[in-house]
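Since the structure comes first, as structure tokens, the remarks are kept for the end.
The values are calculated or read from the model by the stated rules, or taken from the named source; none is laboratory data. None of the values given here were measured: they were computed from a predicted structure. FYI the Cβ positions are ideal-geometry reconstructions off the backbone, even for glycines, and counts take in every protein chain you see. Side chains are part of the model used for accessible areas, which takes the heavy atoms of the whole protein and leaves out ligands, DNA and RNA. Shrake-Rupley method; radii C 1.70, N 1.55, O 1.52, S 1.80 Å.
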Amino acid sequence: MTPHEIGALLAYIGRLDPRLSRTDTGEARDQIAQWHELLGDVPPATAHGWDARVTAREHILDSPYPIMPVDIARKWRAYRRDRLQRHTDPLPSASPDDQAAWAAELRGTRLAVATGVAAPTRHRELTGSEFEPERQGRLREIGSCIPPHIREALSPYRPARAAREAAIALGQPDVLGVRCEHCHAEVNEPCRSRRLGLDGQPRANAPRSTPHPSRVDLAATQQVQQPVMV
């Protein structure tokens, strides 16, 4: 903030808390110089959530003590830290071979985020957008995101999944596609062997290699009840 902006901020604060008002010209000049020493690098407001007047107003509402410039400076430093903690450096457009340009772009991006000029860049998330046409064709061709030879190689390490896929391929019911009413295993989860102790509480919860018979019957019933697609 410039001395003129600090003077405007002090005038606003003085209207809310008369204890900080200075009617003497010399005292007002010394007060502005004192505040400028601590708030010279603090902007009056940014486009992303910072406003020195709001900070001052909240302090006046929450604290019985007169606001000092250090109170605003500390809030500003906390604001900067919070924004940088929520920021993930995007890939610079500069060539990685040019280390000076690469580092300068990273510093510029972080400074823009810290000072409220730019919004923090978050981690990119997976979206539900459609595949490219070429990928859609390949997916229709192989029938799965995992190629058949990879799926076959993984079979010894995923016996339950391999048995499920083999049963579905033979037209048998998808047992893991329904919830088990016996052990309460959710859909896509294997059945579990539950042993009860003398106090009636479960003492074991190991996954079973085969589903419970009641779950097999339920899957077969639902398969029969499904309408036939013509």
If you take the square roots of the eigenvalues of the alpha-carbon gyration tensor of the chain and sort them as a ≥ b ≥ c, do you get rounded (a/c under 1.5), prolate (a/b over b/c) or oblate? prolate
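For the pair Ala112 and His4, what calculated FRET efficiency results from E = 1/(1 + (r/R0)^6), where r is the Cβ-Cβ distance and R0 = 30 Å, to the nearest 0.05? Don't skip to the answer; put the middle values down first.
On the way: r = 24 Å, r/R0 = 0.81.
My answer for the efficiency is 0.80.
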Spin-label model distance (nm) - Arg57 vs Ser93, 7 Å beyond Cα toward Cβ: 3.8
Express in Å², to the nearest 10, the accessible area of Trp102 obtained by rolling a 1.4 Å probe over the protein heavy atoms while all chains stay in place. 70
Given R₀ = 41 Å, what would the calculated FRET efficiency be for Asp24 paired with His48, taking r from the Cβ atoms and rounding to 0.05? 0.60
For the chain, which whole-number percentage of the solvent-accessible area (1.4 Å probe, protein heavy atoms only) is attributable to carbon and sulfur atoms? 54
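Multiplying the sequence separation of His182 and Ala33 by 0.36 nm and subtracting their Cα-Cα distance, what value in nm do you get? Each step should come with its number before you reach the end.
Values: separation 149, 0.36 × 149 = 53.64 nm, distance 7.65 nm.
Full-extension gain reported as 46.0 nm.
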Give me the one-decimal nm value for the distance between modelled label points at Ala104 and Glu152, 7 Å along each residue's Cα-to-Cβ direction. 5.7
Given a 1.4 Å probe, how much area per residue of the chain is accessible, in Å²? 73
Determine ³J(HN,Hα), in whole Hz, for all residues of segment 12-21 in sequence, where each value follows from phi through the Karplus function 6.51 cos²θ - 1.76 cosθ + 1.60 and θ = phi - 60°; x replaces Gly and Pro. 5, 5, x, 6, 8, 9, x, 5, 9, 6
